[in-house]
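The values are calculated or read from the model by the stated rules, or taken from the named source; none is laboratory data. Here the structure is a predicted model, which means the values were calculated and not measured. Every residue, glycine as well, gets a Cβ built from its backbone with ideal geometry; the counts of neighbours run over all protein chains shown. Heavy atoms of the whole protein, side chains included, go into the accessibility calculation; ligands, DNA and RNA do not. Shrake-Rupley method; radii C 1.70, N 1.55, O 1.52, S 1.80 Å.
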Amino acid sequence: MAESTKNKPLVEFQDIYKIYAMGDAEVRALDGVSFSVYDGEFVAIIGQSGSGKSTCMNIIGCLDVPTTGTYLLKGTDVSKLTDDEQAEIRNKTLGFIFQQYNLLPKLDVLENVELPLLYKGLDDKEQKERAMAALRRVGIEDKWHHKPSQLSGGQQQRASIARALAGSPSVILADEPTGALDSKTSNEVLEFLIELNEQGNTIILITHDNSIAARAKRVIRLQDGKIVYDGDAMGDEIIKSTVLLKRKEEAKG
């Protein structure tokens, strides 16, 4: 497990189970999962389809609750909160980056970035200032008046990142953030996430791609709802093999 000088984790799973009934069968999407994420970490949660990573993401994001076990977000037991309270802690604590950007097409970039700030009770002036500051951080402040359709895929993802940053979240939760991008743009987005982490942002990246997970500092690998690895990215044999193979291919090219 990752070491930290912090006494309490930002995210903590304590023996989490998520069980679904499929007819007479029982499906354990998460089967006794425990881990903690501390301030300043960059963690990739990786697994193939059916591994439980999406369920894990939904629980971290307060979009679902475990069947049994305890999920603590900044020390708060999320499962004991009402839907409205979950929405409030989600809005205050988490910033979301999605594969498909989830930008509203009828709003310009600035309005999209401002959107989560509406629920924080900020006045219009502060909303605009914080949204423009976030766009400045991701390097597209000059595109503030553009509609999403007028942006490239990489620019749209940067707008999505700005929206996540605007609320100053404790944790940035990135769900397959490069899945809709070409390899060059994917690398640019990953480099930016690494830069954000170096600036002190805590990032949890959900992915099925070993080469992307390799860019994180720590990897939690899920298989059949269980953690099969939790540690340094290059300590995971699958990721290590992927990286070495990629380096050989690049050397040949």
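Structural remarks
- For region 1-18, residues that are surrounded by fewer than 18 Cβ atoms within 10 Å (Cβ to Cβ) and modelled with pLDDT of 95 or more total 3.
- Condition met for residue 135 (crowded, with 22+ Cβ neighbours inside 10 Å and touching an Asp or Glu at 6+ places or on another chain (Cβ under 8 Å)): yes
- Every condition in (1) in a helix (DSSP H, G or I); (2) within 21 Å of residue 113 (Cβ to Cβ); (3) open to solvent by 30 Å² or more (accessible area, probe 1.4 Å); (4) not β-branched (Val, Ile, Thr) is met by residue 234 except one, and the failing one is (2).
- Counted residues, region 200-222 - those being charged (D, E, K, R) and open to solvent by 30 Å² or more (accessible area, probe 1.4 Å): 3
Residue-by-condition table, conditions (1) in a helix (DSSP H, G or I); (2) closer than 29 Å to residue 49 by Cα:
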residue	(1), (2)
129	yes, no
132	yes, no
136	yes, no
146	no, no
158	yes, yes
164	yes, yes
177	no, yes
194	yes, yes
203	no, yes
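- Tallying residues that are part of a helix (DSSP H, G or I) and open to solvent by 50 Å² or more (accessible area, probe 1.4 Å) within region 116-127 yields 4.
- Filter result for residue 110 (open to solvent by 70 Å² or more (accessible area, probe 1.4 Å), at pLDDT 90 or above and farther than 30 Å from residue 8 by Cβ): no
- In the set (1) closer than 25 Å to residue 89 by Cβ; (2) in contact with a helix residue (DSSP H, G or I) (Cβ under 8 Å, 6 or more places away or on another chain); (3) open to solvent by 20 Å² or more (accessible area, probe 1.4 Å); (4) not small (Gly, Ala, Ser), the condition left unmet by residue 196 is number (3).
- From the options 20, 71, residue that is under 23 Å from residue 95 (Cα atoms) and out of contact with any Cys (no Cβ under 6 Å at 6 or more places or on another chain): 71
- Taken together, the residues in region 125-140 that are more than 20 Å from residue 197 (Cα to Cα) and free of Cβ contacts under 8 Å to residues at least 12 places away in the same chain amount to 3.
- Scan of region 180-192 for residues that are touching a residue at least 12 places away in the same chain (Cβ under 8 Å), part of a helix (DSSP H, G or I) and open to solvent by 30 Å² or more (accessible area, probe 1.4 Å), ordered by number: 188
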